[in-house]
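I have placed the structure first, in the form of structure tokens, so that the comments after it can refer back to it.
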Amino acid sequence: MNQKPKEPFIPPERHETVRKEIVSFLKEQTLTVKEISGYVRISEKEVSAHLEHIKKSILRDNLKMVVDPATCKKCGFIFKKRERISKPGKCPICNGESIEEPYYSIR
């Protein structure tokens, strides 16, 4: 069995850091973690970790991360008090797992 040698992974060329890139996107528009992941080309898990750090670091510049909370599609429950960046697993009211992702922006 002849195996073709794997091509080495070449990361995309970046002109600014991932966090600065995320901040610039969030200053322009309101996005979900999934959308940010697509724009910046990193995993959703990595985006969540970066957002946690960004949330703290933008306070120096008198900016604030605005979060439109996640919502249950089944019963309409709004996750207003949720502190975590990641999307909730299921609704505490109806146990539904169909949840609309939270949206993030910076103002």
Task: Members of the stretch 1-60 that are over 17 Å from ARG84 (Cβ atoms) and among the acidic types (Asp, Glu) - done: GLU7, GLU13, GLU16, GLU21, GLU28, GLU35
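To keep it simple, each residue is scored yes or no on (1) β-branched (Val, Ile, Thr); (2) at pLDDT 95 or above.
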site	(1), (2)
LEU26	no, yes
VAL40	yes, no
LYS45	no, no
ALA49	no, no
GLU52	no, no
ARG60	no, no
LEU63	no, no
ARG82	no, no
PRO92	no, no
Task: Residue that is of a type outside the set (S, T, N, Q) and under 10 Å from the mean Cα position of the chain (by Cα), where the choices are VAL47, VAL23 - done: VAL47
- [ ] Keeping to the stretch 15-63, report how many residues are closer than 20 Å to GLU100 by Cβ and in contact (Cβ under 8 Å) with a residue 60 or more places away in the chain.
- [x] 8
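The values are calculated or read from the model by the stated rules, or taken from the named source; none is laboratory data. Just so it is clear, the model here is predicted, and its values are computed rather than measured. A quick note on method: Cβ atoms are made from the backbone with ideal geometry, for glycine too, and the neighbour counts reach across all protein chains shown.
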